Each structure stands twice: as C-alpha cells, then as structure tokens.
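Here the structure comes first, spelled out in structure tokens, and everything after it is commentary.
The values are calculated or read from the model by the stated rules, or taken from the named source; none is laboratory data. Since the structure is predicted, the reported quantities are computational estimates derived from the model, not experimental observations. Glycine also receives a Cβ, built like all others from the backbone with ideal geometry; neighbour counts cover every protein chain displayed. Note: areas computed on protein heavy atoms with side chains; ligands, DNA, RNA excluded. Shrake-Rupley method; radii C 1.70, N 1.55, O 1.52, S 1.80 Å.
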Amino acid sequence: MGPSIQYYCPCLSGFPVQTPPPPHVASSSASFHPLHSLFFCEECDAVRCNRCVSIEVSGYYCPNCLFEVPSASVRAEKNRCARNCFSCPICRTTLSVVASDPPDEGDGRSSSVPLSTVGEPPFFLYCNHCRWDSAEVGITFEKPTGLAAQLQKFEDSAAESLEFERLKEHFEPFLRTSSLSSSSHLPSVASHHMHTSSITAAASAALARDIPGVGKYNPHTRSRAGRDRTVNRDEMPEYKSRVEVGLFSQLGSGGDEGDVEFLTHIETAGEVAKLEQRWGNSWTTSLKTSDLRPLRIPLHSKVSKRCPTCRHILIKPEQKAQSVRYKIKLVAANYLPAMTVALPSPQSGPDASRRVPAKVPAAGDEKNFTLMAGKSYPFHLALTNPLYDPIQVRLSVQRMHVTASTDSTAPEKARRTPFAVSLPTSSFPVAAFAEAWEYDDDEDMFGVEDDELGLEPIGRGSKDRDGRGKVKTVGVLERRANVTVVGGEVVIGKEARGHVKFNMLVSYTYRSDDPLPSEDGAGTPSRVNAKAPEVKTFTFYTVIDLGPITPREESKVEADV
Amino acid sequence: MAPIRDKFTIHSKAVVCQDVELKGDITIGPNTVVHPKATIFAIAGPIVIGAGCIIEEAAIIVNRRKEVMRIGDSNLFEIGCRVESPSIGNFNTISTRARVHHTVRISNYCVIGAACLVVPTEDESLEDYTTIYGPAADRRVWSGRGRVQEADLRHKHAEYLREMLPKFNRLRRGDGA
Ligand SMILES: [Zn+2]
Ligand SMILES: [Zn+2]
Ligand SMILES: [Zn+2]
Ligand SMILES: [Zn+2]
C-alpha cells in the first residue's frame, strides 16, 4: 500500500481533550477515517464520523425488486423479501422461476417446435449462473406465483423457529407487565453513553421493545429494578422446550455426531457448504452443500444520520428505493480540503537510481519503494479546496511522545527519535473551487505566479535550491486550479523501525458568510485584516502514513546483493 | 511453422460478418452467426464449426494443434471469450471473458462462467453438464432441467441475429461462393 492520509474525528477522545491519540498506538486507527466517510455538522462546526452519528432507519426495501416494504410487514416477513426474490444458495445470484421442460424428444435439438409461452408445472427456482435448481433439494411449485409465502412457511416450520415462537409466547406475559415499568429506567441507558442523544435513546428504547423474546438486560438498572423483577421472576412458570437440545442434530440442523459422520466420509471439499453459503441463513443449517436451500433475499434499509450533539440531520436519502440521491448531504469532503500524500519516485536522490531496482520487485509499483532507516525522503501533499472561496492553509506536525514502553529491547536512540518531519512553516493559499467551464483559458488554470500569491520564501521552503544545490523539497511546489501541492521531508533515524506515521494539524482560514461571535472557540479569526470580511479558521487533525521503515541491517544486506 | 494456407468454407446459410479475422483452414456450418470483430485462427490444424453456433464480438477461437478442432452445434461464445479447446460438443456456453486452454475438451451442455479461467496443465475432458462458475472457477454438475427451453432460446437468439446482423453489416462469403 502506498502512503495514506486519514482524518480525525474527536468523538473517541475524552471531552476536554481534542487531540488525537499517538499514531503508533494500534487503537488510534479507530479515531481516523478516510475523508469520504466523514460528515460535517454546520451547527457544531465539527467533523462527525460513522461511529458517533446516530442512525435512524427511514425505510426498508428489497435490493432486487426495489419494493419498499412497509415497516409493519418487515417483522412478519422476517426481514426478507416476500415477493419473488430469491438468491442462489450456492453462488448468491438471483434465481429465476422456470417451468419444467416439455417432454424431451431425444437430443433436445427438435427446437423447431415452438414451446408454449406459459410453461408447464412443476415450476422451480433456477440459477442462471451456476445452474443450481431447487428441484435438486426437492422444492418445486405448482404455480409460478406466491413462492415466497410457500418458502416462508417452510422457514417458519424450522425447529428453531418454532422454539423461538414458543419462547416469545412464554415471555409475553412477563414482558407486558415489565413494559409498564420499563419507561422509568430507560433514560439511565442514555445518560450512560456520553454522546447518546435523546434520539438515540428513543431508538434504543424502540429496539428493546422490538425484541419481545429477549429479556431487557440492563446492568445499570438491575440493582434498582431488582426488587420488582424478582417478584416477576417468581411468578413465571418454568420454560419447557419443545425439543430436547440434543435432538436438534436429528432435525437436519447439524451438530454433534451427524456432522462427524458426514465429515469423515467426504470426498471433495465442495460437499461441505462454505461459511458464506450458510452465513445468510436465519437458522443453523446442515453442513452439507446438498442441503442448502434457496434464500429469500434479505431487505436493505435506508438510513438517515444525525449529529450526536445537536441532532441536526447530516445525511438523509430520498425515500424512494429507486433513487440514489440525498435530500440532505453534509459530507466533510464539501468542507475540508481533500488531501493526498505521495512519495515522489526517488530518481532525484543521489544514489537512488542505483539502489531502487534492487529494492523494487519485478511487479514494480513505483509508489511502493521502501523507506530506509538513516535516509531522508521528500514527500508531496496535494490539497484540493472544495470551497467557493480561496483558503489559507497552515500545516504543523503534532509533537510526538514517542514509542516508549512498547519495545524495551530497542536501543534508547530508536525510541527517542525515529524520524523528523519538516513541513512548510508558513501558511499557503489554495485557490477556490470553480467548475471547469469557469476557467477562461489554460493560464487561469495553471500558471499562477508566486508573486501574485504574495508568498514569502521562508526558512527551508526557500525559493529554488538549498546549499547543496538540490531542488527544493519543502514548500509550495505547484499550484493549479483549486489544488496546491506542497513538499515536505522526512529524515529517518539510523535505528528507526516501524512506520513513518505522524499526526498533522491542519488549520485553514476562509471567508465566513455568517459571522459568529468570537467567544465561539472554533470561529476565532487567526488573521484579522481591516479590509477583509469576516474570516474563520477551522482546525482538524490528520494522520499521515508514509509507509514502513526498512531497518538498517536489512537494507545493508540488500544493498550488497 | 509452415505457412498457413487460408481456406474458408462458409455455408450459404451462415451469417459471417465482413469484419472478422479468419486465418487458416476454417469451415463454418449452416445457421451459425459470427459477429464483427470475432477472431478465428486455425494456426496449426483446421477448425470446423457446426450449425447454429453464435460467436460474439471479440471472441477468439484458436486451434494450436495439428488435428482438426471440431466445434459442434448450438454453442454460444460470448463477448471476449478465448477458447483453444481441441474439441467442443453441442449446446455449450462459453461466457464473457472466459478462457479455456487447449488442454480442455468440452463435451455437451457445459457452461464456462464469466471470466473463469480453465487452464489445467494436464489434458482433461469436461463431462456433459459441467458448470464452471465464480471467481474461484468452482465446478458443479447441472441437472439438465431447463435445457430444452434453453436450447429453444439459443435457437431463437441465432434466428434473430441472422435476421438483424445483415441489415447493419456486410457479410463474408466462403471461397466457393
Ligand atoms: Zn466520530
Ligand atoms: Zn424483492
Ligand atoms: Zn447459483
Ligand atoms: Zn451538530
């Protein structure tokens, strides 16, 4: 994998702390996300991720026939399509309903006789892809309609399903009495979760209500509600199962000696149903491929997502199953600059051309060249501005309190300074987004002079060459349209190991349409200019992973080859 | 290798578009349809194609062996497939972008799924009703239920093409015609 960049959502950090976890900690990956998966709440002026948003189902539909299933029938139909949509148990392809062949006249080549268009019973389900058909497992139909109902009847007669129904019946009276008191202890569930809004609380309450067979396990309220619960429990008769647990294997649902017997006699691996072939079943099924049955296609849902803090909707799809559009769509990609990171191909380095062919395998992806301990490498960051106004960006590397205790055998030095990153120290502009036709000619798109930008050559990002006559690596390298490419450099320590991975703080200043009072922390203007209109600064963290470091010993060996 | 002598024998009821690449000794049977941009190369030995076959765009049929490559009747070669089997029976389907090596003989009613690679190193013969499908080129044996209807569909498919293709393409005639 090439170098990558991900964006930080602060929802996992404790409230006062808004800084991301150190990047070398494995768990930090939970806080960083690709930009395209993030949302942006305008109210809170904050990034939101799929982990912290609250989700509401706005409708169910069948992905095959696109029928929108009313939520009332979703449960009765067991979350699967109740029309004629089935998937092949072998290969997942949608099955078609096929009539039986007319009596065969020998080699099947007497096709000049036109076949009747109606077709003859019995009908069966047929996979056009792998040629499985339901007659193989003894499922045929007299009429080509209402097949789902017939199959569901079969599903519902499964031993587990009957047992589940019985359990529900058994707990019904208990649930009815406890639901009266349940409203009192629900809020405590919500308050337990820091980011849970009342909407989420309502949703979880609805969830708890929706599964009548399952007891409301609630560790936080148990002690409080314990008293009246024990009373209820005493009143409940003991549950008697329909079937002895040990007998389930004899009902064709697998398990125990039956499976052992089957497994000892298999001849090909294909006789055993693969995990993905059994995964979508409602109940446990036998291990045998030959026992697999057609599945009614599981429904999909459309969901809306809300900001966990202010409850504003962040994304909301159009209701219709056929539509792939959104009524509301506040995605972070429309607010934050999109960034890509790249390691330029290393020809420019003095001894790179000699070294590289040995390192890169024949497959030869240039981006995949290795970073070696004790060397320095330039890297490029391309920022794309999604806003209709130009932005001024400032980058800085988060100081690291490095690796420490993870590897105590490593030399002291390695732990202290694995690598050092240089980035442009001054802020730089990224031009406004414009539709392609808004550019008058190529010059507008490409040749923006540095003078026009008022860029000061500062520090390492000095104009052309540094003392050793190398082309500049740190600073603004390129500007075209709404993209600015800046260069950075990483110097890797001699004893470094692991990944070149660091957190980077990005802050950008833009013109604000709706000025906010300055006590709002996020809205503090960084650069107050008398002429300029209201400006705001938004700050967010990213993590950049340039790739793994090849330790020094290895690189020496390889260089000798 | 000896130079290939082109000899095309195309049945008068076959529909072979002008824009196909033919090389070597090729015989095409009645009611067979060859779409434009298809390639049939009889590199080493001749290729004999039976009746009612459909060979779609960018399909490639190659004979690398000295013996005659015999392709039976009512076979469907879908877009971009590549077949080098020394023999093919009747009513087979080679799906889009599937690839069948010269080590595989195909009998009847076989289906090679889309993008499946069938490239065994040792010679092998696919039995009747063999189905190869999926990314791992899994195999199954089809029960054969529905084959009459499928044959009927294949027949109508070819019939429609024989009617429509000449309206939009120049046709190729055999050497004799
Ligand atoms: Zn989050
Ligand atoms: Zn459906
Ligand atoms: Zn299938
Ligand atoms: Zn919000």
Q | Sites A:GLU42 and A:SER301, calculated FRET efficiency, Cβ-Cβ separation with R0 35 Å, nearest 0.05 | A | 0.85
Q: Using a/c under 1.5 as the rounded threshold, could you call region B:7-168 rounded, prolate or oblate? The axes a ≥ b ≥ c are square roots of the C-alpha gyration tensor eigenvalues, and prolate needs a/b larger than b/c, oblate otherwise.
A: oblate
Q. Measuring from centroid to centroid over Cα atoms, what is the spacing of region A:289-306 and region A:1-54 in Å?
A. 30
Q: Could you tell me what percent of the accessible area of region B:7-168 is made up of carbon and sulfur, with a 1.4 Å probe and every protein chain present?
A: 53
**Q.** Too-long pairs where the Cα-Cα distance tops 24 Å, listed order kept, from A:LYS375/A:LYS501; A:LYS305/A:LYS536; A:LYS153/A:LYS316; A:LYS143/B:LYS156; A:LYS302/A:LYS327
**A.** A:LYS305/A:LYS536; A:LYS153/A:LYS316; A:LYS143/B:LYS156
**Q.** Derived scalar couplings ³J(HN,Hα) [region A:26-38; Karplus, 6.51 cos²θ - 1.76 cosθ + 1.60; whole Hz; x for Gly, Pro]
**A.** 4, 6, 5, 4, 5, 9, 10, 9, x, 3, 5, 9, 9
Q) Computed FRET efficiency, Cβ-Cβ of A:ASN334 and A:LYS494, R0 60 Å: what is it to the nearest 0.05? A) 0.85
**Q.** Residues whose placed amide H lies under 5 Å from that of A:VAL272, excluding near-sequence neighbours
**A.** A:THR289
Q: Please compute how much accessible surface disappears when A pairs with B, both sides summed, using a 1.4 Å probe, and round it to the nearest 100 Å².
A: 2000
Q | Loop sites in region A:1-80: GluC sites (Glu not before Pro), DSSP, at most 13 other Cβ within 10 Å | A | A:GLU42, A:GLU43
**Q.** Potential lengthening between A:ASN281 and A:ALA436 on full extension [0.36 nm per residue; Cα-Cα distance subtracted]
**A.** 50.8 nm
(Q) Along the Cα→Cβ direction, 7 angstrom out, place labels at A:PHE164 and B:ILE79. What is the inter-label distance in nm? (A) 4.2
Q. Label points 7 Å out from Cα along the Cβ direction at A:LYS320 and B:THR39: separation in nm?
A. 4.5
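Between A:GLU478 and A:VAL397, what is 0.36 nm times their sequence separation minus the Cα-Cα distance? Round to one decimal in nm.
27.1 nm is the gain from fully extending A:GLU478 to A:VAL397.
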Q) Is there a simple number for the mean count of other chain Cβ atoms within 10 Å of the Cβ of residues in B:128-138, and what is it? A) 3
Q | Computed E for B:VAL68/A:SER512 - FRET, C-beta separation, R0 60 angstrom, nearest 0.05 | A | 0.15
Q. Amide H of A:ILE549: which non-local residues (sequence gap of 5 or more, or other chain) have their own amide H closer than 5 Å, using H built in the peptide plane?
A. A:GLY498, A:HIS499, A:VAL500
Q.
Contact order normalised by length for region B:7-168, with contacts defined as Cα pairs under 8 Å and 6 or more residues apart; what percent is it?
A. 15
**Q.** Overall form of region B:129-171 per C-alpha gyration tensor (a/c, 1.5; a/b vs b/c)
**A.** oblate
Q | Buried on assembly, region B:56-94 (at least 10 Å² less accessible surface than by itself, 1.4 Å probe) | A | B:ASP73, B:ASN90, B:PHE91
